[in-house]
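Accompanying notes for the structure given below.
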There are 2 protein chains.
Amino acid sequence: MTNPLSGTERTRHRRLREQGRTDRDDLVAVLAAGLVAHLGVVRDGWPMVVPTSYGFDDTTLYLHGSVASVSLRAESPVCVTITLADGLVLARSVFEHAVNYRSAMIYGYPRIVADRGELLHGLRSLSEHMAPGQWDYVRRPSRKELAATRLLALPLAEASVKIRTGPPDDGDSPDAGLGLWAGELPLATTWQQPVPDPALPPGIAVPPHIAARAGTPAS
Amino acid sequence: MTNPLSGTERTRHRRLREQGRTDRDDLVAVLAAGLVAHLGVVRDGWPMVVPTSYGFDDTTLYLHGSVASVSLRAESPVCVTITLADGLVLARSVFEHAVNYRSAMIYGYPRIVADRGELLHGLRSLSEHMAPGQWDYVRRPSRKELAATRLLALPLAEASVKIRTGPPDDGDSPDAGLGLWAGELPLATTWQQPVPDPALPPGIAVPPHIAARAGTPAS
(Lines give C-alpha, C1' and ligand atoms only; values in the text may rest on other atoms or scores of the structure.)
Protein backbone atom coordinates (compact mmCIF):
# COMPACT_ATOMS: atom_id res chain seq x y z
CA MET A 1 0.00 0.00 0.00
CA THR A 2 2.95 2.30 -0.53
CA ASN A 3 1.51 3.82 -3.65
CA PRO A 4 -2.25 3.41 -3.76
CA LEU A 5 -4.30 3.73 -6.92
CA SER A 6 -7.06 6.30 -6.96
CA GLY A 7 -10.37 4.82 -5.85
CA THR A 8 -13.70 5.71 -7.36
CA GLU A 9 -17.15 4.20 -7.06
CA ARG A 10 -16.74 2.00 -10.14
CA THR A 11 -13.24 0.77 -9.30
CA ARG A 12 -14.13 -0.07 -5.70
CA HIS A 13 -14.17 -3.83 -5.28
CA ARG A 14 -17.81 -4.43 -4.57
CA ARG A 15 -17.70 -8.13 -5.23
CA LEU A 16 -14.84 -10.58 -4.82
CA ARG A 17 -13.36 -8.17 -2.32
CA GLU A 18 -10.60 -10.55 -1.39
CA GLN A 19 -9.26 -10.34 -4.92
CA GLY A 20 -9.04 -6.56 -5.20
CA ARG A 21 -5.64 -4.89 -5.14
CA THR A 22 -5.09 -1.21 -4.65
CA ASP A 23 -1.34 -0.86 -5.03
CA ARG A 24 0.22 0.64 -8.13
CA ASP A 25 2.87 -2.10 -8.14
CA ASP A 26 0.11 -4.66 -8.80
CA LEU A 27 -1.10 -2.59 -11.75
CA VAL A 28 2.42 -2.35 -13.18
CA ALA A 29 2.90 -6.11 -12.75
CA VAL A 30 -0.26 -6.89 -14.75
CA LEU A 31 0.66 -4.37 -17.46
CA ALA A 32 4.16 -5.85 -17.69
CA ALA A 33 2.87 -9.42 -17.96
CA GLY A 34 0.13 -8.75 -20.55
CA LEU A 35 0.57 -8.57 -24.29
CA VAL A 36 -2.82 -7.53 -25.67
CA ALA A 37 -5.26 -5.04 -24.16
CA HIS A 38 -8.99 -4.89 -24.79
CA LEU A 39 -9.96 -1.29 -25.48
CA GLY A 40 -13.62 -0.46 -24.90
CA VAL A 41 -15.21 2.58 -26.49
CA VAL A 42 -18.80 3.71 -27.01
CA ARG A 43 -19.95 4.24 -30.58
CA ASP A 44 -23.51 5.27 -31.39
CA GLY A 45 -24.59 4.07 -27.94
CA TRP A 46 -23.01 0.63 -28.43
CA PRO A 47 -19.94 -0.69 -26.68
CA MET A 48 -17.07 -1.72 -28.97
CA VAL A 49 -14.23 -3.85 -27.61
CA VAL A 50 -11.07 -3.96 -29.72
CA PRO A 51 -7.90 -5.94 -29.03
CA THR A 52 -4.80 -3.82 -29.31
CA SER A 53 -1.13 -3.81 -28.39
CA TYR A 54 0.15 -1.38 -25.77
CA GLY A 55 3.11 -0.01 -23.88
CA PHE A 56 3.38 2.12 -20.77
CA ASP A 57 5.57 4.31 -18.60
CA ASP A 58 5.12 5.49 -14.99
CA THR A 59 2.11 7.66 -15.72
CA THR A 60 0.68 6.74 -19.12
CA LEU A 61 -0.68 3.77 -21.08
CA TYR A 62 0.02 3.98 -24.82
CA LEU A 63 -2.29 2.11 -27.19
CA HIS A 64 -2.14 1.44 -30.89
CA GLY A 65 -5.24 3.34 -31.91
CA SER A 66 -5.52 2.41 -35.57
CA VAL A 67 -8.86 0.63 -35.44
CA ALA A 68 -10.44 2.23 -32.41
CA SER A 69 -9.46 5.80 -33.22
CA VAL A 70 -11.92 5.67 -36.10
CA SER A 71 -14.56 5.66 -33.38
CA LEU A 72 -12.86 8.01 -30.96
CA ARG A 73 -13.89 11.61 -30.93
CA ALA A 74 -12.37 14.17 -28.62
CA GLU A 75 -13.18 13.49 -25.00
CA SER A 76 -14.49 9.98 -25.63
CA PRO A 77 -14.27 7.91 -22.45
CA VAL A 78 -12.60 4.51 -22.67
CA CYS A 79 -12.11 1.44 -20.52
CA VAL A 80 -9.01 -0.63 -21.14
CA THR A 81 -8.85 -4.14 -19.68
CA ILE A 82 -5.83 -6.43 -19.64
CA THR A 83 -6.39 -10.01 -18.49
CA LEU A 84 -4.06 -12.95 -17.96
CA ALA A 85 -5.68 -16.36 -17.49
CA ASP A 86 -3.43 -18.38 -15.17
CA GLY A 87 -5.43 -21.58 -14.87
CA LEU A 88 -8.66 -23.32 -13.97
CA VAL A 89 -9.90 -23.74 -10.42
CA LEU A 90 -11.42 -27.21 -10.32
CA ALA A 91 -13.81 -27.54 -7.40
CA ARG A 92 -16.05 -30.34 -6.07
CA SER A 93 -19.16 -28.66 -7.52
CA VAL A 94 -19.90 -26.89 -10.80
CA PHE A 95 -20.91 -23.82 -8.82
CA GLU A 96 -17.50 -23.34 -7.18
CA HIS A 97 -15.45 -23.61 -10.38
CA ALA A 98 -13.43 -20.51 -11.16
CA VAL A 99 -10.51 -19.14 -13.13
CA ASN A 100 -7.21 -18.01 -11.64
CA TYR A 101 -6.38 -14.73 -13.33
CA ARG A 102 -4.80 -11.32 -13.11
CA SER A 103 -6.73 -8.39 -14.53
CA ALA A 104 -6.33 -4.63 -14.72
CA MET A 105 -9.05 -2.18 -15.74
CA ILE A 106 -8.21 1.43 -16.53
CA TYR A 107 -10.77 4.17 -17.11
CA GLY A 108 -10.16 7.59 -18.59
CA TYR A 109 -10.19 10.03 -21.48
CA PRO A 110 -7.39 9.24 -23.92
CA ARG A 111 -5.49 11.80 -25.95
CA ILE A 112 -4.40 11.16 -29.52
CA VAL A 113 -0.64 11.76 -29.31
CA ALA A 114 0.32 14.63 -31.62
CA ASP A 115 3.74 15.72 -30.36
CA ARG A 116 6.52 14.03 -32.35
CA GLY A 117 8.70 13.53 -29.28
CA GLU A 118 5.90 11.89 -27.30
CA LEU A 119 4.97 9.78 -30.32
CA LEU A 120 8.50 8.37 -30.45
CA HIS A 121 8.51 7.89 -26.66
CA GLY A 122 5.15 6.09 -26.74
CA LEU A 123 6.05 3.91 -29.70
CA ARG A 124 9.31 3.00 -28.01
CA SER A 125 7.48 1.98 -24.81
CA LEU A 126 5.15 -0.15 -26.93
CA SER A 127 7.99 -1.71 -28.91
CA GLU A 128 10.09 -2.44 -25.82
CA HIS A 129 7.07 -3.93 -24.02
CA MET A 130 6.20 -6.24 -26.90
CA ALA A 131 9.66 -7.16 -28.16
CA PRO A 132 12.48 -5.88 -25.93
CA GLY A 133 15.58 -5.06 -27.96
CA GLN A 134 13.84 -4.53 -31.29
CA TRP A 135 13.79 -0.72 -31.00
CA ASP A 136 17.57 -0.61 -31.14
CA TYR A 137 17.82 -3.41 -33.74
CA VAL A 138 15.36 -2.47 -36.50
CA ARG A 139 14.78 0.68 -38.55
CA ARG A 140 13.06 3.42 -36.53
CA PRO A 141 9.93 5.17 -37.82
CA SER A 142 10.36 7.68 -40.63
CA ARG A 143 8.64 11.07 -40.59
CA LYS A 144 6.04 9.71 -43.00
CA GLU A 145 5.42 6.62 -40.86
CA LEU A 146 5.06 8.75 -37.73
CA ALA A 147 2.47 10.87 -39.50
CA ALA A 148 0.53 7.69 -40.31
CA THR A 149 0.70 6.36 -36.73
CA ARG A 150 -2.26 6.78 -34.41
CA LEU A 151 -1.22 6.40 -30.79
CA LEU A 152 -3.54 6.92 -27.83
CA ALA A 153 -2.28 8.09 -24.44
CA LEU A 154 -4.35 7.21 -21.38
CA PRO A 155 -3.41 8.37 -17.85
CA LEU A 156 -2.69 5.49 -15.44
CA ALA A 157 -4.86 7.21 -12.85
CA GLU A 158 -8.25 5.57 -12.35
CA ALA A 159 -7.52 1.87 -12.25
CA SER A 160 -8.59 -1.38 -10.65
CA VAL A 161 -6.64 -4.63 -10.32
CA LYS A 162 -8.08 -8.04 -9.48
CA ILE A 163 -6.12 -11.21 -8.92
CA ARG A 164 -7.29 -14.72 -8.06
CA THR A 165 -4.80 -17.39 -7.10
CA GLY A 166 -4.89 -20.68 -5.28
CA PRO A 167 -7.15 -23.69 -4.82
CA PRO A 168 -10.96 -23.81 -4.90
CA ASP A 169 -12.94 -22.39 -1.98
CA ASP A 170 -14.85 -25.57 -1.14
CA GLY A 171 -12.07 -27.49 0.65
CA ASP A 172 -13.84 -27.02 4.00
CA SER A 173 -17.41 -27.33 2.69
CA PRO A 174 -19.68 -30.40 2.94
CA ASP A 175 -18.68 -31.15 -0.68
CA ALA A 176 -15.17 -32.02 0.55
CA GLY A 177 -16.70 -35.29 1.74
CA LEU A 178 -17.70 -36.33 -1.78
CA GLY A 179 -14.32 -37.97 -2.36
CA LEU A 180 -13.69 -36.00 -5.55
CA TRP A 181 -10.35 -34.69 -6.74
CA ALA A 182 -10.05 -30.90 -6.66
CA GLY A 183 -7.27 -28.44 -7.37
CA GLU A 184 -5.83 -26.22 -10.04
CA LEU A 185 -5.01 -26.82 -13.69
CA PRO A 186 -2.42 -24.14 -14.42
CA LEU A 187 -1.88 -22.54 -17.80
CA ALA A 188 1.53 -21.43 -19.03
CA THR A 189 2.19 -19.12 -21.97
CA THR A 190 5.67 -19.52 -23.38
CA TRP A 191 7.68 -17.96 -26.21
CA GLN A 192 8.57 -20.55 -28.81
CA GLN A 193 11.55 -20.87 -31.16
CA PRO A 194 11.69 -17.99 -33.66
CA VAL A 195 10.48 -18.77 -37.19
CA PRO A 196 12.47 -16.99 -39.92
CA ASP A 197 10.61 -15.05 -42.61
CA PRO A 198 10.74 -17.24 -45.76
CA ALA A 199 11.82 -14.09 -47.62
CA LEU A 200 14.98 -13.85 -45.49
CA PRO A 201 18.24 -14.37 -47.43
CA PRO A 202 20.54 -17.07 -46.03
CA GLY A 203 23.19 -16.20 -43.48
CA ILE A 204 21.28 -13.77 -41.24
CA ALA A 205 21.39 -15.09 -37.67
CA VAL A 206 18.59 -14.67 -35.13
CA PRO A 207 19.74 -11.74 -32.96
CA PRO A 208 20.55 -12.62 -29.32
CA HIS A 209 17.65 -10.56 -27.86
CA ILE A 210 15.18 -12.70 -29.85
CA ALA A 211 16.96 -16.03 -29.42
CA ALA A 212 17.15 -15.53 -25.64
CA ARG A 213 13.39 -15.22 -25.38
CA ALA A 214 12.53 -18.68 -26.75
CA GLY A 215 11.44 -20.99 -23.95
CA THR A 216 10.81 -18.18 -21.46
CA PRO A 217 7.39 -17.42 -19.94
CA ALA A 218 5.42 -14.75 -21.76
CA SER A 219 3.25 -13.74 -18.84
CA MET B 1 -18.01 -19.56 -47.29
CA THR B 2 -20.54 -22.30 -46.77
CA ASN B 3 -22.15 -20.64 -43.79
CA PRO B 4 -21.57 -16.88 -43.85
CA LEU B 5 -21.98 -14.67 -40.81
CA SER B 6 -24.37 -11.77 -41.06
CA GLY B 7 -22.64 -8.62 -42.22
CA THR B 8 -23.44 -5.14 -40.96
CA GLU B 9 -21.68 -1.80 -41.35
CA ARG B 10 -19.66 -2.19 -38.15
CA THR B 11 -18.61 -5.79 -38.73
CA ARG B 12 -17.56 -5.14 -42.32
CA HIS B 13 -13.77 -5.35 -42.51
CA ARG B 14 -12.94 -1.80 -43.41
CA ARG B 15 -9.28 -2.07 -42.53
CA LEU B 16 -6.96 -5.05 -42.65
CA ARG B 17 -9.31 -6.55 -45.20
CA GLU B 18 -7.07 -9.48 -45.83
CA GLN B 19 -7.55 -10.61 -42.26
CA GLY B 20 -11.33 -10.61 -42.18
CA ARG B 21 -13.20 -13.89 -42.15
CA THR B 22 -16.87 -14.27 -42.80
CA ASP B 23 -17.44 -17.97 -42.27
CA ARG B 24 -19.19 -19.28 -39.21
CA ASP B 25 -16.63 -22.08 -38.89
CA ASP B 26 -13.95 -19.44 -38.23
CA LEU B 27 -16.10 -17.96 -35.46
CA VAL B 28 -16.62 -21.36 -33.87
CA ALA B 29 -12.88 -22.10 -34.07
CA VAL B 30 -12.02 -18.88 -32.19
CA LEU B 31 -14.73 -19.52 -29.58
CA ALA B 32 -13.47 -23.08 -29.10
CA ALA B 33 -9.84 -21.96 -28.69
CA GLY B 34 -10.49 -19.06 -26.29
CA LEU B 35 -10.90 -19.29 -22.54
CA VAL B 36 -11.79 -15.78 -21.39
CA ALA B 37 -14.05 -13.29 -23.17
CA HIS B 38 -14.02 -9.53 -22.72
CA LEU B 39 -17.59 -8.32 -22.27
CA GLY B 40 -18.17 -4.66 -23.10
CA VAL B 41 -21.20 -2.81 -21.75
CA VAL B 42 -22.14 0.86 -21.49
CA ARG B 43 -22.77 2.23 -18.02
CA ASP B 44 -23.64 5.89 -17.44
CA GLY B 45 -22.19 6.71 -20.86
CA TRP B 46 -18.88 4.97 -20.12
CA PRO B 47 -17.64 1.73 -21.64
CA MET B 48 -16.92 -1.04 -19.16
CA VAL B 49 -14.90 -4.09 -20.25
CA VAL B 50 -15.08 -7.13 -17.96
CA PRO B 51 -13.25 -10.45 -18.39
CA THR B 52 -15.57 -13.41 -18.07
CA SER B 53 -15.74 -17.11 -18.81
CA TYR B 54 -18.11 -18.40 -21.48
CA GLY B 55 -19.56 -21.36 -23.27
CA PHE B 56 -21.52 -21.69 -26.49
CA ASP B 57 -23.72 -23.85 -28.66
CA ASP B 58 -24.69 -23.54 -32.34
CA THR B 59 -26.71 -20.38 -31.88
CA THR B 60 -25.88 -18.82 -28.53
CA LEU B 61 -22.95 -17.53 -26.48
CA TYR B 62 -23.40 -18.02 -22.72
CA LEU B 63 -21.52 -15.69 -20.37
CA HIS B 64 -21.03 -15.66 -16.65
CA GLY B 65 -22.77 -12.41 -15.87
CA SER B 66 -21.99 -11.97 -12.20
CA VAL B 67 -20.03 -8.73 -12.39
CA ALA B 68 -21.38 -7.27 -15.59
CA SER B 69 -25.04 -8.02 -14.91
CA VAL B 70 -24.91 -5.38 -12.20
CA SER B 71 -24.61 -2.93 -15.07
CA LEU B 72 -26.95 -4.64 -17.49
CA ARG B 73 -30.49 -3.41 -17.81
CA ALA B 74 -33.01 -4.94 -20.14
CA GLU B 75 -32.09 -4.32 -23.76
CA SER B 76 -28.57 -3.16 -22.99
CA PRO B 77 -26.34 -3.67 -26.03
CA VAL B 78 -23.07 -5.52 -25.53
CA CYS B 79 -19.93 -6.29 -27.49
CA VAL B 80 -18.07 -9.48 -26.60
CA THR B 81 -14.51 -9.90 -27.86
CA ILE B 82 -12.40 -13.04 -27.62
CA THR B 83 -8.75 -12.74 -28.61
CA LEU B 84 -5.93 -15.25 -28.86
CA ALA B 85 -2.41 -13.86 -29.22
CA ASP B 86 -0.41 -16.34 -31.31
CA GLY B 87 2.91 -14.54 -31.53
CA LEU B 88 4.87 -11.49 -32.52
CA VAL B 89 5.56 -10.47 -36.10
CA LEU B 90 9.12 -9.14 -36.09
CA ALA B 91 9.73 -6.94 -39.12
CA ARG B 92 12.71 -4.93 -40.40
CA SER B 93 11.16 -1.67 -39.21
CA VAL B 94 9.27 -0.65 -36.07
CA PHE B 95 6.37 0.43 -38.26
CA GLU B 96 5.79 -3.04 -39.75
CA HIS B 97 5.75 -4.92 -36.44
CA ALA B 98 2.51 -6.70 -35.71
CA VAL B 99 0.86 -9.43 -33.67
CA ASN B 100 -0.37 -12.74 -35.04
CA TYR B 101 -3.77 -13.29 -33.49
CA ARG B 102 -7.25 -14.69 -33.81
CA SER B 103 -10.14 -12.54 -32.65
CA ALA B 104 -13.92 -12.70 -32.65
CA MET B 105 -16.25 -9.81 -31.91
CA ILE B 106 -19.94 -10.40 -31.26
CA TYR B 107 -22.55 -7.65 -30.96
CA GLY B 108 -26.06 -8.00 -29.64
CA TYR B 109 -28.65 -7.67 -26.92
CA PRO B 110 -28.17 -10.38 -24.29
CA ARG B 111 -30.92 -12.01 -22.30
CA ILE B 112 -30.53 -12.96 -18.65
CA VAL B 113 -31.35 -16.68 -18.71
CA ALA B 114 -34.39 -17.34 -16.54
CA ASP B 115 -35.60 -20.76 -17.67
CA ARG B 116 -34.19 -23.52 -15.45
CA GLY B 117 -33.65 -25.89 -18.38
CA GLU B 118 -31.75 -23.29 -20.40
CA LEU B 119 -29.76 -22.33 -17.31
CA LEU B 120 -28.55 -25.92 -16.94
CA HIS B 121 -27.89 -26.16 -20.68
CA GLY B 122 -25.91 -22.91 -20.68
CA LEU B 123 -23.93 -23.78 -17.56
CA ARG B 124 -23.11 -27.15 -19.03
CA SER B 125 -21.84 -25.56 -22.26
CA LEU B 126 -19.69 -23.24 -20.16
CA SER B 127 -18.40 -26.04 -17.95
CA GLU B 128 -17.63 -28.34 -20.89
CA HIS B 129 -15.88 -25.53 -22.75
CA MET B 130 -13.67 -24.63 -19.79
CA ALA B 131 -13.03 -28.06 -18.32
CA PRO B 132 -14.34 -30.92 -20.47
CA GLY B 133 -15.46 -33.85 -18.32
CA GLN B 134 -16.05 -31.91 -15.12
CA TRP B 135 -19.82 -31.65 -15.63
CA ASP B 136 -20.17 -35.41 -15.31
CA TYR B 137 -17.53 -35.69 -12.55
CA VAL B 138 -18.48 -33.05 -9.97
CA ARG B 139 -21.69 -32.19 -8.13
CA ARG B 140 -24.21 -30.43 -10.36
CA PRO B 141 -25.83 -27.15 -9.35
CA SER B 142 -28.51 -27.28 -6.65
CA ARG B 143 -31.77 -25.38 -6.95
CA LYS B 144 -30.40 -22.72 -4.61
CA GLU B 145 -27.16 -22.41 -6.61
CA LEU B 146 -29.10 -22.09 -9.86
CA ALA B 147 -31.15 -19.29 -8.34
CA ALA B 148 -27.89 -17.50 -7.44
CA THR B 149 -26.42 -17.91 -10.95
CA ARG B 150 -26.54 -15.06 -13.43
CA LEU B 151 -26.04 -16.32 -16.96
CA LEU B 152 -26.27 -14.14 -20.06
CA ALA B 153 -27.33 -15.51 -23.45
CA LEU B 154 -26.17 -13.65 -26.55
CA PRO B 155 -27.20 -14.73 -30.07
CA LEU B 156 -24.27 -15.72 -32.30
CA ALA B 157 -25.70 -13.61 -35.08
CA GLU B 158 -23.84 -10.35 -35.68
CA ALA B 159 -20.19 -11.28 -35.52
CA SER B 160 -16.81 -10.49 -37.01
CA VAL B 161 -13.67 -12.62 -37.06
CA LYS B 162 -10.15 -11.42 -37.77
CA ILE B 163 -7.07 -13.58 -38.07
CA ARG B 164 -3.48 -12.66 -38.80
CA THR B 165 -0.91 -15.36 -39.47
CA GLY B 166 2.47 -15.56 -41.14
CA PRO B 167 5.63 -13.49 -41.56
CA PRO B 168 5.98 -9.71 -41.67
CA ASP B 169 4.83 -7.80 -44.75
CA ASP B 170 8.15 -6.12 -45.54
CA GLY B 171 9.99 -9.09 -47.06
CA ASP B 172 9.81 -7.49 -50.52
CA SER B 173 10.24 -3.89 -49.39
CA PRO B 174 13.45 -1.81 -49.60
CA ASP B 175 13.96 -2.66 -45.88
CA ALA B 176 14.67 -6.26 -46.89
CA GLY B 177 18.08 -4.99 -48.00
CA LEU B 178 19.01 -3.85 -44.46
CA GLY B 179 20.40 -7.29 -43.64
CA LEU B 180 18.24 -7.62 -40.51
CA TRP B 181 16.68 -10.81 -39.22
CA ALA B 182 12.89 -10.92 -39.49
CA GLY B 183 10.25 -13.51 -38.76
CA GLU B 184 7.80 -14.68 -36.13
CA LEU B 185 8.19 -15.33 -32.43
CA PRO B 186 5.32 -17.71 -31.70
CA LEU B 187 3.51 -17.98 -28.38
CA ALA B 188 2.15 -21.26 -27.04
CA THR B 189 -0.34 -21.62 -24.21
CA THR B 190 -0.22 -25.04 -22.60
CA TRP B 191 -2.04 -26.80 -19.77
CA GLN B 192 0.36 -27.70 -16.98
CA GLN B 193 0.39 -30.56 -14.47
CA PRO B 194 -2.63 -30.41 -12.13
CA VAL B 195 -1.95 -29.06 -8.62
CA PRO B 196 -4.00 -30.81 -5.90
CA ASP B 197 -5.97 -28.69 -3.43
CA PRO B 198 -3.94 -28.77 -0.16
CA ALA B 199 -7.24 -29.58 1.58
CA LEU B 200 -7.54 -32.83 -0.41
CA PRO B 201 -7.34 -36.00 1.70
CA PRO B 202 -4.71 -38.51 0.57
CA GLY B 203 -5.61 -41.25 -1.89
CA ILE B 204 -7.79 -39.31 -4.35
CA ALA B 205 -6.31 -39.70 -7.82
CA VAL B 206 -6.42 -37.02 -10.50
CA PRO B 207 -9.30 -38.12 -12.77
CA PRO B 208 -8.29 -39.14 -16.32
CA HIS B 209 -10.09 -36.24 -18.03
CA ILE B 210 -7.91 -33.79 -16.04
CA ALA B 211 -4.67 -35.77 -16.20
CA ALA B 212 -4.99 -36.14 -19.97
CA ARG B 213 -5.07 -32.38 -20.46
CA ALA B 214 -1.63 -31.66 -18.95
CA GLY B 215 0.88 -30.83 -21.65
CA THR B 216 -1.74 -30.19 -24.33
CA PRO B 217 -2.23 -26.83 -26.07
CA ALA B 218 -4.87 -24.60 -24.48
CA SER B 219 -5.59 -22.54 -27.57
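The values are calculated or read from the model by the stated rules, or taken from the named source; none is laboratory data. Here the structure is a predicted model, which is why all the values come from computation and not from measurement. Reconstructed Cβ throughout: ideal geometry from the backbone, glycine too, with neighbour counts over all protein chains shown. Heads up: the accessible areas ignore ligands, DNA and RNA and are worked out on the full protein's heavy atoms, side chains in. Shrake-Rupley method; radii C 1.70, N 1.55, O 1.52, S 1.80 Å.
If we sort A:79-89, A:193-203, A:161-171 on the protection proxy, mean other Cβ atoms within 10 Å, highest first, what's the order?
Numbers: A:79-89: 24.4, A:193-203: 13.5, A:161-171: 18.5.
Descending mean neighbour count gives A:79-89, A:161-171, A:193-203.
Of all accessible surface on segment A:17-188 at a 1.4 Å probe, what whole percent is carbon and sulfur?
Numbers: 3400 of 6500 Å².
After summing per-atom areas, the C and S share lands at 52 percent.
Find the sum over both chains of the accessible area lost when A and B are paired, probe 1.4 Å, and report it in Å² to the nearest 100.
Details: alone 13250 and 13250 Å², together 18940 Å².
Chain pair A/B: roughly 7600 Å² of buried accessible area.
Compared with the dominant Cα axis of chain B, that is its longest principal axis, helix B:24-33 is turned about 70°. Each Cα pair under 8 Å and six or more residues apart adds its separation to the average, and for chain A the resulting relative contact order is 25 percent.
May I ask you to compute the full-extension gain from A:Asp57 to A:Glu75, defined as 0.36 nm times their residue separation minus their alpha-carbon distance, rounded to one decimal in nm?
4.3 nm
The label point for B:Thr216 and the one for A:Asp44, both projected 7 Å from the Cα toward the Cβ, are 4.2 nm apart.
Could you do me a favour and compute the accessible area per residue for segment A:17-188, 1.4 Å probe, result in Å²?
On the way: 6500 Å² over 172 residues.
That works out to 38 Å² per residue.
Counting Cβ atoms of other protein chains within 10 Å of each Cβ in A:170-180 and taking the mean gives 3.
Label-point distances for A:Arg140 to the equivalent site in the other copies, using a point 7 angstrom along Cα→C-beta, read 6.5 nm when ranked shortest first.
Rounded to the nearest 20, the Cβ-based charge dipole of segment A:17-188 about its Cα centre (Lys and Arg +1, Asp and Glu -1) stands at 980 debye.
Helix B:116-130 and the longest principal axis of the Cα set of chain B meet at an angle near 50°.
If R0 is 60 Å, the Cβ-Cβ spacing of B:Ser173 and A:Asp169 corresponds to a FRET efficiency of close to 0.65. Estimated at 0.36 nm per residue, the fully extended path between B:Ser142 and B:Ala32 surpasses their Cα-Cα distance by 36.9 nm. For the pair segment B:126-179 and segment B:49-65, the centres of their Cα atoms are 9 angstrom apart.
Given the rule -39500 (n - 2.57) for each run of at least 4 DSSP H residues, summed and divided by the residues of chain B, what is its mean residue ellipticity at 222 nm, to the nearest 500 deg cm²/dmol?
Values: 5 runs with 38 residues, N = 219.
Value at 222 nm, helices only: -4500 deg cm²/dmol.
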